[in-house]
Amino acid sequence: MALKAEHEMHSRRRSRNTGVGLLLAAFVVLVLALTVAKVTSGDFELPRAETLK
Amino acid sequence: MTDISSQPQAFEGEASFGDYFALMKPRVMQLVVFTALVGMLAAPNGVNPVVGFASILFIAIGAGASGALNMWWDADIDHIMKRTANRPIPSGKVQPGEALSIGVALSGLSVMMLALSANLLAAGLLAFTIFFYAVIYSMWLKRSTPQNIVIGGAAGAFPPVIGWVVATGSMSVEAWLMFALIFMWTPPHFWALALFMKSDYDDAKVPMLTVTHGRKSTRKHILAYTVLLVILAVGTAFTSIGGLIYLTTAVILNVLFLKGAFDIWRRDEAQAEADGYAVEKSFFKLSLLYLFLHFGAIMAEALLRSSGYGGW
């Protein structure tokens, strides 16, 4: 019996790894967008220690 | 030695990404996203779109995390009930320990990120909601009292309040009215389901009202809660989140809902069995539309109000 190069187990692992990778990338983009939105909003204030420099 | 017989064991626990996603109860997450969004839009303050999007996302992740914790805890009874036997843990796709880890990790992440994106009060409410659903409802109430879904329904009612708090940083009567709408809607919705999913809860020994007090009593309870819900739902039309669109929607839906509850109350088990629980099933379907359209109407009023229309 010939061994199949790709078992269903491999496709499941691939879907898991791809999913986690995409989620991490999306999380990085989200945190960046959130940071930009926060620092460009009108009520943003630098911490006191930063403004003294 | 490796042989063919070792294959199935090696395969176990090899969940796909979709199996992990299913742990988070995506259909419940849809409702959470929708009601939290309505709560946020109905609030008098505007929210930065990025902050609003991120906050709704973290509320949804928190809800999904509590769903994973619920599946971890309830794996034994999910295995018995037909409705839940295909969930990721009872079907063997995801290991219980994985569900616990995902639930705990995502709970922490969602609460922390909501505190950063919105405010501490919203994050605190989300943490309380997760605790309420996973511990108070799943671990305690669900298997100990027939009032399980009455009190446990509070967990599903919090998202619009959290959405409101994301926008305003504080709570108000209107936010709690939206909470009350979901809270009062939950018992008739689940009791109708319990009436036609006859043997599931009996087999799993979950003390649903149908099991502890009988089906006749459950029918009375559905009518009683529906009457209270109708008063609340129509009354909400005359608050600052209501308006003509909401009132029209509420009057039509509540007349239909009340009629459905009355029909359920009027019939007995023999009649229900004769038509395959048709009335109970249609009441259950109507209940889904009922909640969706009420919150849709609140959203419509909020959007119109922001462009100078809507409201009273």
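Of the listed requirements (1) among the charged types (D, E, K, R); (2) crowded, with 17+ Cβ neighbours inside 10 Å; (3) over 23 Å from residue B:285 (Cβ atoms), residue B:203 misses just one: (2). Would you confirm, using the coordinates I've provided, whether residue B:31 is crowded, with 21+ Cβ neighbours inside 10 Å and in a helix (DSSP H, G or I)? When the stated conditions are applied, residue B:31 does not pass them.
Among the conditions (1) farther than 27 Å from residue B:27 by Cα; (2) at pLDDT below 95; (3) crowded, with 20+ Cβ neighbours inside 10 Å, residue B:269 misses just one, which is (3). Residue B:289 - would you say it is free of Cβ contacts under 8 Å to residues at least 40 places away in the same chain, over 23 Å from residue B:175 (Cβ atoms) and either open to solvent by 50 Å² or more (accessible area, probe 1.4 Å) or under 23 Å from the mean Cα position of the chain (by Cα) (or both)? Here the answer is yes, as residue B:289 does meet what is asked. Scan region A:19-35 residue by residue and report those that are under 8 Å from the mean Cα position of the chain (by Cα) and open to solvent by 90 Å² or more (accessible area, probe 1.4 Å). Matches in region A:19-35: A:22, A:23, A:24, A:28, A:29.
The listed residues are B:171, B:113, and the only one of them that is closer than 30 Å to residue A:44 by Cβ and assigned to a loop (DSSP other than H, G, I, E, B) turns out to be B:171. Note on region B:123-141: residues that are more than 27 Å from residue B:206 (Cβ to Cβ) and either touching a Phe, Trp or Tyr at 6+ places or on another chain (Cβ under 9 Å) or open to solvent by 50 Å² or more (accessible area, probe 1.4 Å) (or both) amount to 2. For residue B:177, indicate whether it is over 27 Å from residue B:76 (Cα atoms) and not assigned by TED's automatic domain parsing to the domain that holds residue B:41. It is true that residue B:177 is over 27 Å from residue B:76 (Cα atoms) and not assigned by TED's automatic domain parsing to the domain that holds residue B:41. Within region B:38-60, if we keep just the residues that are open to solvent by 60 Å² or more (accessible area, probe 1.4 Å) and part of a helix (DSSP H, G or I), the residue that is farthest from residue B:292 (Cα to Cα) turns out to be B:49. Per the listing A:45, A:50, A:8, the residue uniquely at pLDDT below 85, among the charged types (D, E, K, R) and surrounded by 10 or more Cβ atoms within 10 Å (Cβ to Cβ) is A:8. Just wondering, is there one or more residues in region B:132-142 that are over 24 Å from residue B:72 (Cβ atoms), assigned to a helix (DSSP H, G or I) and modelled with pLDDT of 95 or more? For region B:132-142, residues over 24 Å from residue B:72 (Cβ atoms), assigned to a helix (DSSP H, G or I) and modelled with pLDDT of 95 or more: absent.
Scanning region B:254-265 turns up one or more residues that are of a type outside the set (A, V, I, L, M), open to solvent by 10 Å² or more (accessible area, probe 1.4 Å), in contact with a Lys or Arg (Cβ under 7 Å, 6 or more places away or on another chain) and touching a residue at least 24 places away in the same chain (Cβ under 8 Å).
Would a scan of region B:169-176 turn up a residue that is under 13 Å from the mean Cα position of the chain (by Cα) and in contact (Cβ under 8 Å) with a residue 40 or more places away in the chain? No, every residue in region B:169-176 fails to be under 13 Å from the mean Cα position of the chain (by Cα) and in contact (Cβ under 8 Å) with a residue 40 or more places away in the chain.
Criterion applied to B:64, B:13 was being within 14 Å of another protein chain (Cβ to nearest Cβ) and modelled with pLDDT under 95, and the one residue passing it is B:13.
If you check B:112, B:81 for being surrounded by 16 or more Cβ atoms within 10 Å (Cβ to Cβ) and assigned by TED's automatic domain parsing to the domain that holds residue B:162, only one passes: B:81. Among residues of region B:45-67 that are not assigned by TED's automatic domain parsing to the domain that holds residue B:34, none has a Cβ under 6 angstrom from a residue that is open to solvent by less than 30 Å² (accessible area, probe 1.4 Å) and assigned to a helix (DSSP H, G or I) at a sequence gap of 6+ or on a separate chain.
For region B:81-110, filtered to residues that are basic (Lys, Arg) and outside any helix (DSSP H, G or I), the residue that is modelled with the lowest pLDDT is B:93. Considering only region B:90-105, I want to know if a residue exists there that is aliphatic (A, V, I, L, M), touching a residue at least 60 places away in the same chain (Cβ under 8 Å) and more than 12 Å from every other protein chain (Cβ to nearest Cβ). Yes, that holds for at least one residue.
The values are calculated or read from the model by the stated rules, or taken from the named source; none is laboratory data. Note that the coordinates shown come from a computational prediction; the quantities given were computed from them, not determined experimentally. So basically every Cβ, Gly included, is an ideal-geometry build from the backbone, and we count neighbours across all protein chains shown. Quick note on the areas: whole protein, heavy atoms, side chains included, nothing else; ligands and nucleic acids left out. Shrake-Rupley method; radii C 1.70, N 1.55, O 1.52, S 1.80 Å.
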